[in-house]
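Novice: Pasting in a structure now, in structure tokens, and then I'll have a few things to ask.
The values are calculated or read from the model by the stated rules, or taken from the named source; none is laboratory data. Because the structure is a prediction, the values reported are computed rather than measured. Using ideal geometry, Cβ is built from the backbone for each residue, glycine included, and neighbour counts are taken over all protein chains shown. Heavy atoms of the whole protein, side chains included, go into the accessibility calculation; ligands, DNA and RNA do not. Shrake-Rupley method; radii C 1.70, N 1.55, O 1.52, S 1.80 Å.
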Amino acid sequence: MKATAIANANIALVKYWGKRNKELILPQNGSISMTCDEMTAKTTVEFSDKYKEHTVVINDEEFKKDEKDIHGHIDRICKLAGIKQHARVVSESNFPVAAGLASSASGFAALTVAATAAAGLKLSPKKLSILTRQGSGSACRSIFGGFVEWHRGKKQDGSDSYAESIVDKKYWPDFRMITTIVEVKKKPVSSRAGMSQTVETCPYYEGWLKTVDEDLKLIREGIKERNFEKVAQTAEFNCLKMHATMMTTKPSIIYWIPATMEIIHAIHKMREEGIPAYFTIDAGPNVKVLCLKKYEKEINKRLQKLDGVIKTMVCKPGNDAKIIDDHLF
Ligand code: PMV
């Protein structure tokens, strides 16, 4: 009753921001992401009578129950499998956790794949995605590699709100996402709390929702046509619209720090010089830079020279989440 899985993080090109059902984690809008090959979580789960409660260790630190409710997600899987034992979960992530770098996406995807396998469940990728979504919304996209769409769905039970591959990682191998780390601290407002506050208090939230379907259409088309400008321009605009809703909540949420702005201006400057670089930012200060392989080295070099940049990670379209043999304990 032990299994290990690895999953890549994913970065949204059209963002999920706001729930219509907090229990089942059903989104207000659909979203599209790229799964990032260099950002990985590896998780081993064992169910056994020898454990008296669930224990969760992430990057060598014991993880207590918190609003992310990893323990609750393990209970959900136990219930589905009809097992009474408790779990030991050990997870390693090769990038900072809870800093707006989609660590919960790779983490919950790896946990769900490993825990269901350890519990003896055999679920289709669609069912895995639905189950993962109930742990952390954006994580449902990390079940798949390449470019992925999470359908909003309409049903109240969430059975039509799942992620699906648009194209696999081989379709557009030249696409790059350069994750630029400017801060590794835990963010002050979690995405869970931030999106809930936005839905409740932002006067522009309706405006955000009205424009998302058009962004989804453009990005879906852009990916299929391998049209970089179409995808990257739409993604940057979508990110700015999302941050505009965050900034105009009560109290306002501003995830950006000076280094975030430094990168934004550097990207604008690159574009003026004819280098096609665009950005997207999640619920945190770190910036992900979109570009093509041809410009990767030049853009990465310029990013690394900026004062506020601690580290960059160059990602290509990544893999489906999968079971591996190499256990962590
Ligand atoms: O799934 P969560 O609770 O980690 O929220 C993710 C929110 C964003 O990263 C800002 C957008 C997204 O679609 O990934």
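Novice: Having 1 or more residues that are within 11 Å of the ligand (Cβ to nearest atom) is the bar; report the strands (runs of 3 or more DSSP E) wholly within region 1-64 that clear it.
Specialist: Details: elements: 2-14, 19-21, 31-48, 55-58.
Fully inside region 1-64 and qualifying: 2-14, 19-21, 31-48.
Novice: How about region 265-284: which of its residues are open to solvent by 10 Å² or more (accessible area, probe 1.4 Å) and closer than 22 Å to residue 9 by Cβ?
Specialist: At the first step, the residues of region 265-284 found to be open to solvent by 10 Å² or more (accessible area, probe 1.4 Å) are 265-266, 268-269, 271-276, 278, 282.
Listed by number, the residues that qualify are 278, 282.
Novice: Of everything in region 270-285, what is more than 16 Å from the ligand (Cβ to nearest atom) and either under 11 Å from residue 299 (Cα atoms) or in contact with a strand residue (DSSP E or B) (Cβ under 6 Å, 6 or more places away or on another chain) (or both)? Give them in sequence order. Let's see the steps before the verdict.
Specialist: The first filter runs over region 270-285 and keeps only residues more than 16 Å from the ligand (Cβ to nearest atom), leaving 270-278.
Matches in region 270-285: 270, 271, 275, 276, 277, 278.
Novice: Of all residues being within 17 Å of the chain's Cα centre (by Cα) and basic (Lys, Arg) in region 127-159, which is surrounded by the most Cβ atoms within 10 Å (Cβ to Cβ)? Just the residue, please. Steps first, please.
Specialist: Step one: list which residues in region 127-159 are within 17 Å of the chain's Cα centre (by Cα), which gives 128-152.
Of the ones still in play, those that are also basic (Lys, Arg) are 133, 141, 152.
Values: 133: 26, 141: 31, 152: 18.
Here the answer is 141.
Novice: Restricting to region 125-148, count the residues that are within 15 Å of the ligand (Cβ to nearest atom), farther than 18 Å from residue 43 by Cα and touching an Asp or Glu at 6+ places or on another chain (Cβ under 6 Å).
Specialist: Counting residues in region 125-148 that are within 15 Å of the ligand (Cβ to nearest atom), farther than 18 Å from residue 43 by Cα and touching an Asp or Glu at 6+ places or on another chain (Cβ under 6 Å) gives 0.
Conditions (1) open to solvent by 30 Å² or more (accessible area, probe 1.4 Å); (2) more than 19 Å from residue 142 (Cα to Cα); (3) of a type outside the set (Ser, Thr, Tyr), marked per residue:
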site	(1), (2), (3)
43	no, no, no
68	yes, no, yes
83	yes, yes, yes
113	no, no, yes
120	yes, yes, yes
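Novice: Scan 231, 167, 199, 184 and give me the residue that is touching a helix residue (DSSP H, G or I) at 6+ places or on another chain (Cβ under 8 Å) and away from the ligand (no atom under 16 Å from the Cβ).
Specialist: Working: 231 fails: away from the ligand (no atom under 16 Å from the Cβ); 199 fails: away from the ligand (no atom under 16 Å from the Cβ); 184 fails: touching a helix residue (DSSP H, G or I) at 6+ places or on another chain (Cβ under 8 Å).
Answer to the selection: 167.
Novice: Evaluate the following for residue 216: is it at pLDDT 95 or above and open to solvent by 30 Å² or more (accessible area, probe 1.4 Å)?
Specialist: Details: at pLDDT 95 or above: yes; open to solvent by 30 Å² or more (accessible area, probe 1.4 Å): no.
So residue 216 fails the test.
Novice: Just one of 92, 61 is surrounded by fewer than 18 Cβ atoms within 10 Å (Cβ to Cβ) and over 20 Å from residue 2 (Cβ atoms); which is it?
Specialist: Working: 92 fails: over 20 Å from residue 2 (Cβ atoms).
61 is the lone residue from the list that is surrounded by fewer than 18 Cβ atoms within 10 Å (Cβ to Cβ) and over 20 Å from residue 2 (Cβ atoms).
One line per residue, one yes/no per condition, for (1) of a type outside the set (Val, Ile, Thr); (2) under 29 Å from residue 146 (Cβ atoms); (3) under 18 Å from the mean Cα position of the chain (by Cα):
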{"site": "171", "(1), (2), (3)": "yes, yes, no"}
{"site": "176", "(1), (2), (3)": "yes, yes, yes"}
{"site": "189", "(1), (2), (3)": "no, no, yes"}
{"site": "204", "(1), (2), (3)": "yes, no, no"}
{"site": "278", "(1), (2), (3)": "yes, yes, no"}
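Novice: Could you look through region 241-264, keep only residues that are closer than 23 Å to residue 304 by Cα and assigned to a helix (DSSP H, G or I), and pick out the one that is most open to solvent (accessible area, probe 1.4 Å)? Give the derivation first.
Specialist: Residues of region 241-264 closer than 23 Å to residue 304 by Cα: 255-264.
Going one step further and asking which of them are assigned to a helix (DSSP H, G or I), we end up with 258-264.
Values: 258: 113, 259: 13, 260: 0, 261: 72, 262: 58, 263: 0, 264: 9 Å².
Selected residue: 258.
Novice: Considering only residues that are open to solvent by less than 80 Å² (accessible area, probe 1.4 Å) and assigned to a loop (DSSP other than H, G, I, E, B), which ones fall in region 293-326? So that I can check it myself, show each step before the final result.
Specialist: Taking region 293-326 as the starting set, the residues that turn out to be open to solvent by less than 80 Å² (accessible area, probe 1.4 Å) are 295-296, 298-300, 302-303, 306, 308-309, 312-315, 317-319, 321, 324.
Scanning region 293-326 gives 306, 308, 309, 318, 319, 321.
Novice: Suppose we filter 162, 171, 204 for residues that are farther than 18 Å from residue 276 by Cβ, open to solvent by 10 Å² or more (accessible area, probe 1.4 Å), of a type in the set (Ser, Thr, Tyr) and touching a His at 6+ places or on another chain (Cβ under 9 Å); which single one remains?
Specialist: Just one listed residue meets the conditions, 162.
Novice: Now for a different question. Which ones in region 216-271 are in contact (Cβ under 8 Å) with a residue 40 or more places away in the chain, among the small types (Gly, Ala, Ser) and in contact with a Ser or Thr (Cβ under 9 Å, 6 or more places away or on another chain)?
Specialist: Answer for region 216-271, where residues must be in contact (Cβ under 8 Å) with a residue 40 or more places away in the chain, among the small types (Gly, Ala, Ser) and in contact with a Ser or Thr (Cβ under 9 Å, 6 or more places away or on another chain): 232, 235, 259.
Novice: Here's another thing I want to ask about it. What are the pairs with Cβ atoms under 9 angstrom where one residue, in region 14-38, is free of Cβ contacts under 8 Å to residues at least 60 places away in the same chain and the other, located anywhere, is within 11 Å of the ligand (Cβ to nearest atom) and assigned to a strand (DSSP E or B)? Sequence gap at least six, or different chains.
Specialist: Filtered contacts from region 14-38: 20/27.
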